[in-house]
Structures are given as C-alpha cells and as structure tokens.
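**Q** Okay, handing you the structure first.
The values are calculated or read from the model by the stated rules, or taken from the named source; none is laboratory data. Worth saying up front: this structure is predicted, and the values here are computed from it rather than measured. Please note that ligands, DNA and RNA were not included when accessible areas were found on the heavy atoms of the full protein model with its side chains. Shrake-Rupley method; radii C 1.70, N 1.55, O 1.52, S 1.80 Å.
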Amino acid sequence: MIRQAKGKTPRRPPPKKPSNNQKDPVGVYCRVRPLGADDEECCIEVISNTTIQLHAPDGLKANRNGEYKETQYSFKKVFGIKTSQRELFEDVAKPLVEDLIHCKNGLLFTYGVTGSGKTHTMTGSPGQGGLLPRSLDMIFNSIGPYQAKRYVFKPDDKNGMEVQNQVDALLDRQKRDSQTTVPKTPTTRRIDPEFADMISPEEACKADGVDEDSSYSVFVSYIEIYNNYIYDLLEETPFDPIKPKPPQSKILREDQNHNMYVAGCTEVEVKSTEEAFEVFWRGQKKRRIANTQLNRESSRSHSVFIVKLAQAPLDADGDNVLQDKNQVNVSQLCLVDLAGSERTSRTRAEGSRLREAGNINQSLMTLRTCIEVLRENQMCGTNKMVPYRDSKVTHLFKNYFDGEGKVRMVVCVNPKADDYEETLLVMRFAEMTQEVEVARPVDRPICGFAAGRRQRNQAFKEELTRRLEERGGPVDGEFPTVLNQLLQSFPPLPPCEISGPNDDVTLPRLIEALEKRHKIRQMMIEEYNKTANMLKSVLQEQDSNILSKENFIQEQRGRLGEKDKMIQNQKNEIDRLEKKSKMLEYKIDILQKTTNIYEEDKRSLQQELESREQRLQRELSEKRRMESRMQGMVTDAKLKWEKECERRVNAKQLEMQNKLWVKDEKLKQLKAIVTEGKTENRQPQRPSREKDKVPPKRSASPSPVPSPYDGSQSSLSSLEPIYNFSQTVRSDPHFPRPGSVSVASCISEWEQGVPQSRRQGSQSPPDSRKRAQGLPNSLSRRRGRCWAREVPVQPADVDLEETTHWTGPPVRPLHRRSHSAGGERWVDHKPTSNVDLDTVLKPNIPNAIKVNAPNEKALSKCDRYVLTHQEVASDGEIQTKLIKGEVFKTRGGGQSVQFTDIETLKQENPVAASRKRRSSETDPDGEPMEGDWTDVETRCSVAVEMRAGSNLGPGYQHHGYPKRRKP
Ligand code: ADP
Ligand code: MG
C-alpha cells in the first residue's frame, strides 16, 4: 500500500502491524488460446484445471532423443480454449480489484509469445472485453455512489495525493467546464462506438465492503516501455503537423516511501468506466500512431495501464472529505501487457531493429533473472541483490516483489506446433515464477471517526427536509427543532419593553434575567463538559478495549495466515513430489527394461560358461587319464629295464660260473688223463662203464674244450646230472628258486628268445650263446634241441580268455612218457606267495599233483609241469602266467623240465584304476554274472563311457580295450 506522508501521528494509533511474514506465491495462471485456422498440429493438452501437457511436435521429436517427449506444467489454474473473458476475470482480476478498493496494490501482467493472446486477454475485442475494461467497470460499479467530486483529490506530482479545499476544487471544476466540451457528469452514457461493446453493463460486477464513510476517486495513467524508454501515452502535446515532435521519454523516481513511479506522468481523474476506457483508448490510439510513424512493432513494447484509487474518510459530519493528507489512501492496480517473449531470432530483426529487439528481450531477461534471484533468496535464505534496476519494467515494479502488493501473471500460450520451443521456455519461466513469494499487504488503518457518518448525515438531512416540508417549506435562519427545545428550557425573559432611556426598572430586570441565563448557561456548559469528559474517558476505554481486541484478532489472523501458508506449501510440495514420482516411475520403467536385457545377456553368457567348463572338465579328465597311462607306461618300461639289467647281471654271473666250471672240468679231465696215464702205465683200473662211455678221443687231443653251446651232447652228457633241474633245486643254494626272480628272469629270457628265433627262421639254429645266458645249461641245451622240433606245442587244456598261442619252433620230445597209458599227469606248481584270485581263469587240472615247491618225487610221477607265476604290473594289473613244460627223465636218473608254453592270464586289480579291462566278471560261485558279456567281442562292444562320480557302480565301468598281446 502506498501510504501518504507519515510525518504526523495519526489521530488514533494504528493497530499493531502484524509481522510481515505472511507471504503468498505469485499467482500464475495459464490461458490456452484456440488454434488458428491455418494451424494443424496442436502441441498442448489441458489435462486438468491446473495442469497442461506439452507434446513435442512430430518434426522435433526426431531431434530430441533422450529428452522426454511430454512435459507437464502445473499452475494455480489453467484456462482452456473455451474459457470466456468473464470467467477469466472472475478468477484472475476480480480479487485484485477487491484488493484495490480495500487499499491494497495489485500487479497483473500477461506474458507469452506474440500472438498467444496477451492483448486479447488484457484488452479484449468488441463483445469480448478483456481484464482491463472489466476491472474498470467493477471499480466504478463499486465506488459509484461514494466518489468524491472532481478535483477534490489532486496528485502532488510526487506519487502522492492531497485533498484540495472545496473552493479550489470548485474553481478547478469551473475551469475544466469552460475548457472542454466533454459532458460534466457521466450520467449520460455516451460511449465511443469504437469500444462500445467492450463494456457490457449486463455483466456488471461489484465489490463488497466498500467503506461508505470514505470518498473515492480514480486516476489512470498509461505508459509504454519501448527499447527500455518510458513514454507517457496520455501526455497532451500540441500536435505540429509540419514537424512532429518525437515523444519524450520519462524517468523513474522513488517517492518518500521508496515506491517507484514515473516522474511527470499524466494522471487523469476519471469518474466512470466509459471515461476511463476512453482515456485508455486515447492512449492506445496514440501508441498505434507512434508505432506506425516510427516504424516500430507494437509486439516489442510493454504497455502499462495504471489505475490509482484515492480514498479518504469523510469528516465528522459525513459531508466533506477530511482535509488531512495523512488520511488519504492511494492504492494502485497495474495492468501490464508485456512484449512478446520470443527470442530475437524469431522476429528476424536487422540493424537498429535488432538492437531494439535485443533490448526487449533484455528487459524480459531481466524480469526472468530478478525472479530467479528472488526465488533463490527465498528458498535458500540468501541475500543476493535482485537486479531490478537493469530494466525499466522490473525497476518500476520492484515494490510489488518487495511486498507492496499482490502479483499475478497470466501466461498465454498458443498451442500451435511452430511455437512449441518458445512455449517451452515460457512454461519454464512461469513455473519458476510460481515459486516466488511476495509479502501479503497489510490492512489499512481505520479512520478515527465513528462509522456510518455518511449514512447518518444523509438520514439527518432527509429528516430535516421532511420536517421543513411539514412546516410548509423551509424558512431561512430558522433553528432546528432541537435548538428550540433547548432554548425553551431557559427561564422566560421578563417583558423587555423599555419605556424610556432612563427606564430603571426594565433594564436592571433584563440584566438580572440575562445574568441568570448566563449563569445557567455556564452551569450547563460545565455540566456538558463534565459529561463530555466522562463520555470521552469511557469512549477511550472502549477504544483501547477494541484496539486490544483488534490486535488480538490481527494476531490470530496472522497465525491463521501462517497455517494457511503452511498448508499451501505442503500442497505445493505434494504436487512437486507427485510430478517427481511420475518422472521416476518412467525412469524405473526404462531401467527395468534395461535390467531385463542385461539379465538375458547374463543368462546366455552363463550357459556358455557352463558348457565351456564342462568341455574343460572333460579335457582335464582326458588329460589325467593320458597322464596316468603314460605313467603306467613309464613304470612298465622302467621295470622292464630293471629286469633287463638284473637279467644281464645274472647272465653274466652264470656265464662266468660256467666258464669256471668248464675250466674246472677241463682241469679235472686233465687231471684224470694224467692220473689215468699213470694207472694205465702201472695198473689200469678204470671202471668199465666209464670206459664204455667215453669214446677214445684222446688221440684227437688236444681237443678243444667243448663249448656247452655247440650242441654236441656227448661232451656234456657227464654234466647233465649237475644241471639236472631237480638236483639243482635241491643242492645249489645259489641257484634261483622257482617262482622267485630268477625263474621270472629265466622265463623272460626264454620269451625274448622266441621272437628272435622266429626272426631267424625255424630252420636256423638260434644263437645259443645268447640263449644260454638266461637258463641253466641243461635247459638251454635242451631247448636248443627243441627248436629243431617240427610239432608245435599244444596249449594247455584250459579255457582261457586270453592265451598266448605260441607257435614256436618245433620241439622234439625227448624221452617223453607215453600218454596213451593213462592221460597226462601234471605237476601243478603254485608258490605259496601266490594270491588266490578266485577267477574262472584259474586252471583246473584233473589229477594234478599240487606242490608249493617242485621236488623230484612229484616230477618223477608226472610228465607235465605247470608253474603258476604271479606278478603285479606297474599299472596295477595282476598278471598270472602259466608256464608249462614237459618233464623228461635225464640220463642221470634225474628229472628235467622243458618249458614249452606260457599262458598269460591278465586280471584287472579292482583296487587300481578302473580303466583297465577286467579279465573276468564272476560271482562267488564262479558263474558269469552277465551272460551277454561272456565273449570278448561283446564285452568290447558294450563299452560304456561313464562320467566320473557316477554311482552306477563298477559293473558299468567297463572300457573296451583292444587285446594286448604280451610279447
Ligand atoms: P498477443 O497480444 O499475445 O500478440 P493477441 O492478443 O493480439 O496476441 O492475439 C492474436 C490473435 O489471436 C488475435 O486476433 C486474437 O483475437 C486471437 N486470440 C487470442 N487469444 C484468443 C482467445 N482466447 N480466443 C479467441 N481468440 C483469441
Ligand atoms: Mg499484443
């Protein structure tokens, strides 16, 4: 509220000013105009009476990847295309007019892109009056009966208002009447037909609570701000058609209450809506003319129409306006039609026009900046300087934002697609503006006079007129009835007819009576004064009571306001959060979709990983298998070589022994020859038998020592007993026992000999030297003979799964026992160290003599010999060898065995690695468990590849391996 000078103390102390912490947000309304006839695409949708939604036009959507295509904006209220001017006025401007009448300021501006309907909203068109004519109409409808006479209020040129005395006012009125031809009073509504339809009396509005004890007057001014210059549109300048003077710009000043005003601006007192609108229209025409003359675009200027309402209380009589400047209240309503908010580029301005456009843009930019800073200060509690002074528009309205009145903004939008981007900026600005709060204006102080003066005075006047009429018309100088009654209460005057100049009776009596009257009057005055004083004190008491009550009420109101504010804030917060949550929901949706895609990816990758792991596992186990196989092979080879070495050592030993023997023998023979010679010479005593036997060979002497390997039997026959198997077994402790390592080595030696012999062919005699290395002499010799044999040795009469069928060199049976007598008899030699494998492969030989160690007795009874020899191979297989041979009687009466055949039985050790093929699958009864597997072919074909860790049992862990032939 712009109050007048506060120098003097008001008659009554104003009620305690409530702490000015009550604030209201800037009311932002949105008006959507209908699409033009040429426009097709609509990019705005009103989704509720507070929210609109912007859709990016089709052309723009492609460019804006990432940004949301739809945005929502909320306002205090949204007016759709069908909103009438009246509806808009009721919601937006009516409260401001009510405030104006109640001494509060208001600022209403329209903001938007050119063509969005700002002027339509503010001014309107014939038949569709805008906010401005409607506001004026409402003001005059409300204050009509209480308007002061013209020139009672007079602007003081310092943004203040003073009250002229009645005489000056009368003189001014007379001057005006003589000067102009305009009708004195607005009683006759002579409206300019140009704007006649703007104001429709049917839609008249009226404010309540107009103070009837006040007098009102309306003043209007109309300015234009163009290119940051202020022009007075109501200034009366003498028009010079030859050299038209360019309009002079005005400056802004600050009054003593720190309110901004346009210095020297014309303020026209208007007494009716029509008059006011006519003044406006005058300004409007001037503006249009100036624009055409100076080639300006009206859309680039801001127009400000200011309505000032001056009000002052009537005096105690209720007759005249109180002649007290302190009691004059001036409130103002600014109606601003801002320039188009579009950016410079849009206007396609050039040169100086560009600068102008830049300035227009600049002033709107400043408005924007000011609002931003205000908002920031309010929200963050900062105290940044608001750059009001940067442009005239913001500077002029600085006080409003500082809490001198209500601020409202109508954001006009055109839903056409071309405006989309600009509209987006407008929306953002508008949303931000809503967050700025301005202090709520306080109520004006109440005038010190009793209320209802105007009415009482009116009533009194009416009553007087009535009574005078009763008496037959008014008489000049007649006292009012009340006064007459008062006079009648005095004692009557004595007759006062003076008889002469020296009348001593009448005059003193008259003097006495008058003195008496005077005394009574004095007394009455005293009485009156006393009563008045009493009354005054009572009244004062009442006053203070009322004052305290008022203060209390104010306080309560303040609190109520705070609560209201809080509620409003919370509502705003809820709105904001709701918007945010909507946005977040949208984001969540997107994120969820992304997550799903990633999960799918993850699953497929996991599957791939699993399959690769499986492959790896397989390869690993394959590798392990290979490794152990290689290990087995290595140990095999190692063992073989160890055996080989041992065998060679043994062979060497034997050879050396043999040599020793041969030498011994030679020596003996020599000795015998020597001794024989002697005895022959003296007394020949040679035993007959020996003589028979030994051929006369001496002549051939010195015969070379017969090699034990030369194949001649005769020279070695005497040695036979010594090499007799049984004898050796019995007598020579150094001779390796059967079943022991030596036997094995002998066998292996023998075995090795076989292929060699094969290589050399059956007819060629084997390298006897070599063969002799591993066997006792007699055996090797015999074998030497055997190689000459034509008949292959028959394999043992046992059903074996794996048999080494040796079709070796023919063996000539020597002194073989006749089989025809009663079948073969076997010596079954099983060393005690053997493990009973309890398999089907166990040879079952009927009538065999079972021995742990071979003895001559057993051998002598049989003609065949079998040694069961076992050894555990490095790969865990127990290998059973059945070494078969034939028993021969030696010439010396001993027994000799000639090995003819070896059967190798292989059995997989169940404790060792399961990869080995089992040689047999039998149950304890010795019956095959699975008939289908009885032959080797079937077993191999039914090889089942099982995974490690399978619990199917060892029965299925059968691997088909090709038959391995023992060399
Ligand atoms: P601005 O002042 O924002 O540049 P105007 O008020 O001059 O825009 O409006 C441009 C045109 O659109 C005018 O012809 C006006 O009559 C029309 N118009 C604007 N708003 C509306 C509305 N709400 N209803 C009907 N016509 C409108
Ligand atoms: Mg306009």
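**Q** Go through the range 321-337 residue by residue and turn each phi into a ³J(HN,Hα) via Karplus (6.51, -1.76, 1.60, θ = phi - 60°); whole Hz please, and just put x for glycine and proline.
**A** Per residue, the Karplus-derived 3J(HN,Hα) values read 6, 4, 7, 9, 4, 5, 8, 8, 10, 10, 10, 9, 10, 9, 10, 10, 9 Hz.
**Q** Given the pairs K104/K149; K104/K579; K516/K536, which are separated by over 32 angstrom at their Cα positions?
**A** Violating the 32 Å Cα-Cα cut-off are K104/K579.
**Q** Which residues' amide hydrogens lie under 5 Å from the amide hydrogen of V410, considering only partners 5 or more residues apart or on another chain, with H built in the peptide plane?
**A** Correct list: Y29, F109, T110, Y111.
**Q** Taking only protein heavy atoms and a 1.4 Å probe, what accessible area per residue, in Å², does the range 390-453 have with all protein chains in place?
**A** 31
**Q** Find the relative contact order for the range 362-413 and round it to a whole percent, using C-alpha pairs within less than 8 Å whose residues are 6+ positions apart.
**A** RCO, the range 362-413: 33 percent.
**Q** List the pairs from K158/K243; K243/K285; K392/K563 whose alpha-carbon separation is above 28 Å, in the order I gave them.
**A** Too far apart for the 28 Å limit: K158/K243; K392/K563.
**Q** Search the structure for amide H atoms under 5 Å from the amide H of I44, placed 1.01 Å from N in the peptide plane, and list their residues when 5 or more places away or on another chain.
**A** H55
**Q** For the pairs K118/K587; K175/K398; K643/K881; K154/K286, flag any whose C-alpha to C-alpha distance is greater than 28 Å. Working shown, then result.
**A** Numbers: K118/K587 37 Å; K175/K398 38 Å; K643/K881 17 Å; K154/K286 25 Å.
The pairs that break the limit, which is 28 Å between Cα atoms, are K118/K587; K175/K398.
**Q** In Å², and per residue, what accessible area does the range 229-271 have when probed at 1.4 Å with the other protein chains present?
**A** Using a 1.4 Å probe on heavy atoms only, each residue of the range 229-271 averages 63 Å².
**Q** May I pose another question? Rounded to the nearest percent, how much of the accessible area of the range 240-345 (1.4 Å probe, protein heavy atoms only) is carbon and sulfur?
**A** So the carbon and sulfur contribution to the accessible surface is 50 percent.
**Q** While we're on this one: Over the range 241-333, calculate the relative contact order: mean separation of alpha carbon pairs under 8 Å at least 6 apart, over the residue count, as a percent. Write down the numbers at each step before the final one.
**A** Details: 57 pairs, mean separation 13.9, N = 93.
The normalised contact order for the range 241-333 reaches 15 percent.
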